[in-house]
Amino acid sequence: MRDEMTQALSGHNADYIELRLEELDTNHISMRGHEIDDIGGSSSRGGAARAYVNGAWGFVTFTQSDNLRERVATAVRQAHLASGEGGELVRGEPVIAEPPPVLDNDPFLVPLDKKVNLLQEYVEAMWAVPNIQTTSIGSGNRRRVTHFANSEGSYIRQERVDVTFNARAMARRDNDVQQYGVSVGSLGDYNVLEGRHDEMRDIAEKAVALLDAPQVEGREYTVICDPILGGVFAHEAFGHLSESDFVYENDRMKEIMVLGRRFGGQHLNIVDGASVPGLRGSYHYDDEGIPARKSDLIREGVLVGRLHSRETAGKMGEGVTGNARAMDYRFAPIVRMTNTFIEPGTATAEELISEVKDGVYCKNWYGGMTSMEMFTFSAGEAYRIRNGRIEELLRPVVLSGNVFTTLENLDAVANDLDMNEGGGCGKGGQSPLPVSNGSPHIRIQNCLVGGA
Amino acid sequence: MTQGPTDADLALLERTLAYTRGKTTAAEAFVSEGESTPVSFEAEKLKEISTRQTWGLGIRVFVDGRMGVSSTNDPDKLEELVDRAIELAHYGPESELILPNPSPDTPSIETYDPAIEEVTTEAMVDAGRRLLDDAKPLEPEALYGASLTHSTGRFAFLNSNGVSFGHRKSGFGLFVSGTLIRDTDMFFIGEGDRGCSPDWDMQRHIDGMRQQIAWGKEIAHTPAGHMPVLFMPRAVSSVLLGPFLSGINGKTVLQGSSPLGGRIGEQVFDKRLSIVDDPTLPLKPPSRSYDDEGVPSRRQFLVEDGVLRTILYELQSASKAGVEPTSSASRGLGAMPGAGTSHLTIAPGDASFDDILRTMGDGVIVERLIGMGQGNVLGGDAGGNILLGYRVQGGEVIGRVKDTMLHCNIYDILKDIVAIGAETKELGGSLSTPAILCDGVSISPKTDSD
């Protein structure tokens, strides 16, 4: 395959060209209530060619892998048509590599009946709780094998297997429906799905308990986020802002995101890195053939780095970071996060909570979204804190803020870093991209909490 | 012209179903193919020209009262495709559904405009440049981007009862956006539309952005509280419709987790609210002669004068509920079909925009939110951070709302609607709606002190 790809890339007139050929296999099982609701699988092959000429890209995707040379030529033609504004990519060293995949327990080798049985056991565990209206549960696997070659002479074969699982219980009283759930995932390890029977019962109990929970009054509170929600916070509130494709051609954004700017206190350290091993956002090379690394984004409260592709790094005169990622062959690589987390501090979670007079303790998550400066993320489970004590359960809450003030208001970081691998990230129509994020318990002063 | 599958597609589908004979009790197969050519401008420069091709073949098989699906994009691996679906069906959902038979009278819906074939990449590049040239003077300090795309697609279907159909689709989209950054304040504006036909009318998008800038350039103080909120058409779509559409999904109702279950014929909303789902409108992107399971398309009220009329069922959930399917099936490759809507029309009211603002007095206009779909969507909760919205005081727009959250329950606020706009807006070729004024919506701004 390498020779075929190398040949297809030779002799074109472009500043840079890359070619990807991919194999994608997926399967999934989902259950609603006690019944299997969907079971299916897909297998596809395809590729993408991308060419850069004088500041602009031509990009071609295809599902038939014949005529590779002609596909590349089309991308080059389109790049010439779009070119003219100037621009410089960061060049890489030629890389020849076939790193072995991380496959602790390959989900594609787990027999179907074993997978179905596990889901059925979990469903039974949830239904053992009285007053459950219904449940939904699902697991899925995706294998992506990428053959990458570029005009610098690189050839890289990588294989990644993504494992996802989610479970949700719903409780209902009259027209009031409440739900609670979890999402987990892993890089190539089916084992993380196993042994969660107690957790399933816990999910169901929490859904029922929410029926009696009051809604929080919408206003500002001191908020404690658990490691899962803290990770979502790191991803939504700051991570997206560190993606350089939002910055590199916008002079105003460059001023705002100038390296050296203070975002928070000395205790705040945020990093992202695909080279952190064994997580859902881990890989050896990104989809532009750049080696993965770990990047400091905020060090002791100060902005010290950002995430780059070849193009954004070239335009900004900074080094590449290996963050150009594509969902699969249907998409061009764009700047994405990998494993993003807030580094641990020294206090305990109990100490953080004990100092809160009037607050909300937020755990777990439904999701989050950002528009650069503004972000929202939602907690699946929340409790009032009064005078340092966790008190009554609340209905799920939505937290919202402006990154520039909220990071300043993040006044304490505990010592209990934990990574959440249950999420996927969406950007530019590419979703869900496997990522992980994490945090210790964190405390945010004056955080806006949405309620009715 | 678009009612039959092409001979090549039909031959492929017949070969696929031939592998299922003797091993399954029933089966269906479909091919979907698409090609699009997006042109994108970033930071006022042409950034990328693409060509994207997709092709896939999907099947569903029924074996011993159970079903399984699989898909491939390799037309030489039909037997593997069928064998994998049969293996999965062994564990699949139990099903007693009966596949449709050929029906004599199916509407013939036009979804392909041959004018799309005349659209060149060069013309799209030129149009993008003109769009940016026209946008720039609106607010020279803002930085603009644009994207244009044209596409063609084909869907062909065959089931073991002999129902076969095909449709071709054409698509055209044009979007422009701008970002105005002052200090750390970011003001996002944007307009655009998509449809089946080339549409080079850019003036309405420029006019829309001019209005956004006029209303939103300055930030206005917004107090906390429950107040009247005018949901502009985009917000009707993202805030109000989302929870409702999950509530009328037949699967959700069958599970007992929808607050709308068992309430057909009941007055659920204000009597001025009517919502029609119509896949038979010509040249709308979601239109089709048959749904994705081969059930002939039909126009239907979801809500008529506030009364719930329809729960959406594809074949499987209809069979389980013991009702007729509602021609609502949509499916992707490698997954079971689900139920969804096509083109929706929300009936206009009689209030002019100025009347609405006068009625509102003090309140908020909301256009775009972020962070939707969180919280208890099934229960009707909707909310998020207002990305583009305006403060209204004394019936006048006085500026942009910033750092403010909106929260409501659609089943509460749509029970007594304050006013419905007389003007409707078509969004993305899939929704036509007026603006809707509701009261008692929770607005939580971040205070000025920090």
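Just to check your reading of the model, which residue among B:Arg129, B:Arg84 is surrounded by 16 or more Cβ atoms within 10 Å (Cβ to Cβ), of a type outside the set (Gly, Ala, Ser) and not assigned by TED's automatic domain parsing to the domain that holds B:Glu324? Exactly one residue qualifies, and that residue is B:Arg84.
Checked against (1) in contact with a Leu (Cβ under 7 Å, 6 or more places away or on another chain); (2) over 18 Å from B:Pro285 (Cβ atoms), B:Asp193 passes all but a single condition, namely (2). Taking A:Gly260 as the residue in question, decide whether it is open to solvent by less than 20 Å² (accessible area, probe 1.4 Å), farther than 19 Å from B:Thr179 by Cα and touching a residue at least 40 places away in the same chain (Cβ under 8 Å). When the stated conditions are applied, A:Gly260 does not pass them. Looking across the range B:160-177 at every residue that is of a type in the set (S, T, N, Q) and in contact with a Phe, Trp or Tyr (Cβ under 9 Å, 6 or more places away or on another chain), the one that is least open to solvent (accessible area, probe 1.4 Å) is identified as B:Ser170.
Considering the range A:21-36, the residues that are in contact (Cβ under 8 Å) with a residue 40 or more places away in the chain and either at the interface with chain B (Cβ under 7 Å from one of its Cβ atoms) or open to solvent by less than 10 Å² (accessible area, probe 1.4 Å) (or both) include one that is nearest to A:Arg143 (Cα to Cα), namely A:Thr26. How many of the residues making up the range B:203-240 are in a strand (DSSP E or B) and open to solvent by 10 Å² or more (accessible area, probe 1.4 Å)? Total meeting the criteria: 5.
Residue-by-condition table, conditions (1) open to solvent by less than 20 Å² (accessible area, probe 1.4 Å); (2) facing another protein chain (nearest Cβ under 8 Å); (3) closer than 22 Å to A:Asp286 by Cα:
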residue: A:Asn54; (1), (2), (3): no, no, no
residue: A:Phe59; (1), (2), (3): yes, yes, yes
residue: A:Ala82; (1), (2), (3): yes, yes, no
residue: A:Val90; (1), (2), (3): no, no, yes
residue: A:Pro94; (1), (2), (3): no, no, yes
residue: A:Asn105; (1), (2), (3): no, no, no
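Here B:Glu426 meets each of (1) open to solvent by 10 Å² or more (accessible area, probe 1.4 Å); (2) in a strand (DSSP E or B); (3) away from chain A (no Cβ under 12 Å); (4) in contact with a Phe, Trp or Tyr (Cβ under 8 Å, 6 or more places away or on another chain) with one exception, condition (4).
Just one residue in the set A:Glu70, A:Glu18 is free of Cβ contacts under 8 Å to residues at least 24 places away in the same chain and either in a loop (DSSP other than H, G, I, E, B) or closer than 22 Å to A:Ser154 by Cα (or both); that residue is A:Glu70. With respect to the conditions (1) modelled with pLDDT of 95 or more; (2) among the charged types (D, E, K, R); (3) surrounded by 20 or more Cβ atoms within 10 Å (Cβ to Cβ); (4) over 19 Å from the mean Cα position of the chain (by Cα), A:Arg306 lacks only one, and its number is (4). I'm trying to understand the selection: among the residues of the range B:360-405, which are in a loop (DSSP other than H, G, I, E, B), within 24 Å of A:Asn402 (Cα to Cα), of a type in the set (D, E, K, R) and more than 10 Å from every other protein chain (Cβ to nearest Cβ)? Within the range B:360-405, none qualify. The residues of the range A:164-204 that are outside any helix (DSSP H, G or I), touching a strand residue (DSSP E or B) at 6+ places or on another chain (Cβ under 6 Å) and over 29 Å from B:Leu254 (Cβ atoms), listed by number, are A:Ser186, A:Gly188, A:Asp189.
One line per residue, one yes/no per condition, for (1) modelled with pLDDT of 95 or more; (2) open to solvent by less than 30 Å² (accessible area, probe 1.4 Å); (3) within 20 Å of the chain's Cα centre (by Cα):
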residue	(1), (2), (3)
A:Ser400	no, yes, yes
A:Asp411	yes, no, no
A:Leu417	yes, no, yes
A:Glu421	no, no, yes
A:Gly424	no, no, yes
A:Leu433	yes, yes, yes
A:Ser436	yes, yes, yes
A:His441	yes, yes, yes
A:Gly450	no, yes, no
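As a summary of the residue check, B:Thr54 satisfies the conditions (1) under 26 Å from the mean Cα position of the chain (by Cα); (2) crowded, with 22+ Cβ neighbours inside 10 Å; (3) of a type outside the set (D, E, K, R) except for the one numbered (2).
Against the list (1) in a loop (DSSP other than H, G, I, E, B); (2) farther than 30 Å from A:Ala207 by Cβ, the condition A:Arg144 fails is (1). Exactly one residue out of A:Glu236, A:Glu249 is surrounded by 24 or more Cβ atoms within 10 Å (Cβ to Cβ), within 11 Å of chain B (Cβ to nearest Cβ) and either over 24 Å from B:Asn385 (Cβ atoms) or touching a residue at least 24 places away in the same chain (Cβ under 8 Å) (or both), and it is A:Glu236.
The values are calculated or read from the model by the stated rules, or taken from the named source; none is laboratory data. Predicted model, so just to flag it, every value in this text is computed and none were measured. Backbone-built Cβ (ideal geometry, glycine too); neighbour counts: all protein chains shown. What goes into the accessible areas is simple: the full protein's heavy atoms, side chains included, and nothing from ligands, DNA or RNA. Shrake-Rupley method; radii C 1.70, N 1.55, O 1.52, S 1.80 Å.
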